[in-house]
């Protein structure tokens, strides 16, 4: 029964990844290039220029730029922190610094138009950690069951 549930979960996750690849394949080279530059530049600004303790351990995991290059979703992870209160504080700190970040990006990259930026917590890493923990527990239970059968 448990193996079937994991199989369903893995099939669902693979389907989600396939859907994501199809969506991203249709995006232009310019948006992909902008995503790469934004990731590098925003990380630089966060670590070198902003002294807000709320965003001290924030890492940008991925960026999604709209096809018209006007909007960018910045997905972040907070190092070793699953506390929703601290995640909320980090998002507040990032939102507070958004205007400063956009200004620095515009100056450093010499862009005519800087995309509107929104920050979101990346739930994928947390999800992967939970999935790995479930799989490890199942393997442990299976090995314990095999040991019990061998001892009988």
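The values are calculated or read from the model by the stated rules, or taken from the named source; none is laboratory data. Just so we're clear, the structure is a prediction, and the values are computed from it rather than from any experiment. Cβ coordinates were reconstructed from backbone atoms using ideal geometry, including for glycine residues, and neighbour counts include every protein chain displayed.
Values as computed for the structure displayed
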read-out: Selection status of residue 112, out of contact with any strand residue (DSSP E or B) (no Cβ under 6 Å at 6 or more places or on another chain) and over 18 Å from residue 33 (Cβ atoms); value: no
read-out: Any hit, the range 123-142, residues being within 22 Å of residue 40 (Cβ to Cβ), assigned to a loop (DSSP other than H, G, I, E, B) and in contact with a strand residue (DSSP E or B) (Cβ under 6 Å, 6 or more places away or on another chain); value: no
read-out: Filter result for the condition that a residue is assigned to a helix (DSSP H, G or I), closer than 24 Å to residue 29 by Cβ and touching a residue at least 12 places away in the same chain (Cβ under 8 Å), over 102, 54; value: 102
read-out: Selection status of residue 69, surrounded by 12 or more Cβ atoms within 10 Å (Cβ to Cβ) and on the phi < 0 side of the Ramachandran plot; value: no
read-out: Hits in the range 69-98 - residues which are within 13 Å of residue 42 (Cβ to Cβ) and either in contact with a strand residue (DSSP E or B) (Cβ under 8 Å, 6 or more places away or on another chain) or without any contact (Cβ under 8 Å) to a residue 24 or more places away in the chain (or both); value: 72, 73, 74, 75, 76, 94, 98
read-out: The listed residue being loosely packed, with under 11 Cβ neighbours inside 10 Å and at pLDDT 75 or above, out of 118, 145; value: 145
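Yes/no per residue for (1) at pLDDT 90 or above; (2) in a helix (DSSP H, G or I); (3) at negative phi:
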| residue | (1), (2), (3) |
| --- | --- |
| 30 | no, yes, yes |
| 35 | no, yes, yes |
| 59 | no, no, yes |
| 64 | yes, no, yes |
